[in-house]
Amino acid sequence: MKVFHNARFWHNSTFENDVKAILTHDGKIVALLTELPESTQDYDFVDLKGNYVYPGFIDTHTHSFEGGLYSLMIDLGGARSLQDVFDLIAEGKRDKGKFIFAWNFDELKIAEGRFPTRAELDSIVSDKNLVLRRIDGHSCLINSFACSNILSQTGNILSADEVFRGFDNDRAVHWFHNNIEPELILKAYHAASQIALKGGFSTIHTMVGDANMSIGHYSLLQEHLADFGVDFVLYPQSFNIEAALEVGAQRIGGCILADGSLGSYSAALYEPYRGHSINGNLYQTDAYWYDFITRAHQNNLQVGVHCIGDRAITQINNVYMALANSDFKDLRHQLIHCELTDDALINHIKASGAVPVMQPMFDRLWGGESGFYAKVLGQERAKHMNRFATMLSRGIKITGSSDWYITELNIVASLAAAMNHHNPAEALTAAQAIDIYTKNAAWLSHDEDVKGQLLPDMMADFTVMNYDLKKPGADNKVVATIKAGKLLYGNL
Ligand SMILES: [Zn+2]
Ligand SMILES: [Zn+2]
């Protein structure tokens with residue numbers, strides 16, 4: 001048995017309690033102790049050095065495959081000239097396999113102000129598949145070796161334009177993702193697991209699949225779940241209900257799209273974008289969603305759908321509402337992102353029982369009077385973005401997440417973002433911010449009896465930090481991440 005002691009423990013939503021130590025056995029919490037036990041040979045004492053212990057944090061929405069994979073690949077974010085790009089790729093290609101991803105390319109930061117040509121890529125990598133992806137993921141360039149492989153394997157003729165956008169961009173990137181070796185896929189998840197532990201998470205929800213009909217490497221990952229440090233909660237990110245049922249999934253969806261993004265003016269709004277006449281796109285009809293979500297619901301699958309604009313959120317929530325009224329089941333269907341909501345829509349979400357799976361870092365990056373949201377939506381509507389506090393106050397159980405690799409996988413930054421919302425009316429208290437990454441997050445995957453709190457019979461998952469969130473200071477950090485009683489990150 002282990003005794004974790006010399007720390008403050010987050011219990012009953014406060015550090016002001018008389019818990020002096022936590023006794024664990026076989027990866028589970030046995031008891032919260034108000035006194036340190038006598039040392040005997042039965043006890044293995046773990047000194048937490050006066051730090052602060054939170055329940056292991058849970059991120060409820062990540063794209064860990066891409067996040068992990070790209071952490072192993074070539075980051076072009078620092079390149080300022082095409083020569084920099086070529087040097088980074090030449091240097092980075094050496095320890096890579098048959099598939100090389102160079103990402104984070106931004107032609108606006110490059111002196112020449114343009115993408116490389118295919119011939120230039122070929123002169124650096126001619127015998128391996130190379131894709132160079134733009135920073136936003138919406139365009140890419142591939143070398144001739146990859147072009148001819150895609151043509152011979154799929155028969156797809158790709159556009160004559162060397163820089164792929166739209167459909168060609170999706171097809172090319174999917175081909176890369178679908179063809180990399182199993183060994184590299186698992187390596188990507190191991191890297192993701194390490195990054196999560198370092199970021200203070202012991203559990204992360206992860207989207208697997210191409211968001212169309214393929215559930216990708218779901219089975220491969222499922223077979224290896226026990227090998228990773230963190231717990232992965234898997235989502236077959238697909239419209240393929242049969243495939244999800246076949247692998248025994250409990251849920252389906254993820255960033256399967258009801259609408260697009262604000263940056264590309266494709267998030268579906270009721271009112272037009274500021275200074276434009278367009279108001280975004282619904283990617284599917286009401287009937288399509290009604291059919292898909294109903295079939296998933298009938299098969300007891302929890303559903304998650306990406307919806308950013310108020311029109312898209314309404315479209316998906318209407319289906320959840322209809323099912324709640326006609327065939328209620330405690331499946332906890334998800335509105336992923338759920339960014340733009342007025343009071344009436346929040347009331348509808350409360351009525352449907354849907355769960356907004358939200359990203360505090362989005363407000364950190366794009367909120368504020370001169371921020372990106374205000375630019376594309378105008379000041380008034382920007383105040384209706386990411387309404388964490390209002391939703392919680394109406395009794396809606398929102399959960400916290402990063403959408404990593406879109407934002408960083410880091411609990412310190414995520415909690416600070418939730419508590420320092422640009423709109424003070426939507427800022428969370430320390431206890432609320434912790435809840436959306438612990439209790440509420442555990443509840444989302446029906447794990448509220450085993451995770452999310454420091455209580456007997458729960459997993460001994462702890463995130464050890466050097467600060468009390470109620471009094472954050474400058475040098476806040478994750479000191480250690482403990483999963484099932486084992487130290488998996490940090491030094492104690
Ligand atoms: Zn996502
Ligand atoms: Zn999304």
Which pairs have Cβ atoms under 7 Å, sit 6 or more apart or on different chains, and link a residue in the stretch 255-283 that is free of Cβ contacts under 8 Å to residues at least 12 places away in the same chain to one that is assigned to a loop (DSSP other than H, G, I, E, B) and away from ligand 2 (no atom under 14 Å from the Cβ)? 272/278; 272/279; 276/265
Could you say whether any residue in the stretch 211-224 is hydroxyl-bearing (Ser, Thr, Tyr), assigned by TED's automatic domain parsing to the domain that holds residue 447 and either touching a His at 6+ places or on another chain (Cβ under 9 Å) or free of Cβ contacts under 8 Å to residues at least 60 places away in the same chain (or both)? no
Residues that are over 18 Å from residue 371 (Cα atoms), touching a helix residue (DSSP H, G or I) at 6+ places or on another chain (Cβ under 6 Å) and within 16 Å of ligand 2 (Cβ to nearest atom), drawn from the stretch 403-424: 404, 405, 409
Residue list for the stretch 147-172, restricted to those being open to solvent by 50 Å² or more (accessible area, probe 1.4 Å) and in a helix (DSSP H, G or I): 148, 151, 152, 153, 154, 167, 170, 171
Among the residues of the stretch 331-365, what is the count of those that are over 21 Å from residue 59 (Cα atoms) and surrounded by fewer than 22 Cβ atoms within 10 Å (Cβ to Cβ)? 10
Determine, yes or no, whether residue 398 is in contact with a strand residue (DSSP E or B) (Cβ under 8 Å, 6 or more places away or on another chain), within 16 Å of ligand 2 (Cβ to nearest atom) and open to solvent by less than 10 Å² (accessible area, probe 1.4 Å). yes
Going by the conditions given, is residue 135 closer than 24 Å to residue 413 by Cβ and surrounded by fewer than 22 Cβ atoms within 10 Å (Cβ to Cβ)? yes
Count of residues meeting criterion [more than 15 Å from ligand 2 (Cβ to nearest atom), open to solvent by less than 20 Å² (accessible area, probe 1.4 Å) and under 26 Å from residue 199 (Cβ atoms)] in the stretch 230-259: 7
For the stretch 377-408 the number of residues that are within 16 Å of ligand 1 (Cβ to nearest atom) and farther than 18 Å from residue 440 by Cα is 5
Given the structure, is residue 316 under 23 Å from residue 383 (Cβ atoms), of a type in the set (A, V, I, L, M, F, W, C) and either part of a helix (DSSP H, G or I) or open to solvent by 20 Å² or more (accessible area, probe 1.4 Å) (or both)? yes
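The values are calculated or read from the model by the stated rules, or taken from the named source; none is laboratory data. Worth saying up front: this structure is predicted, and the values here are computed from it rather than measured. When we count neighbours, we look across all protein chains shown, and the Cβ atoms used for this are built from the backbone with ideal geometry, even at glycine. Note: areas computed on protein heavy atoms with side chains; ligands, DNA, RNA excluded. Shrake-Rupley method; radii C 1.70, N 1.55, O 1.52, S 1.80 Å.
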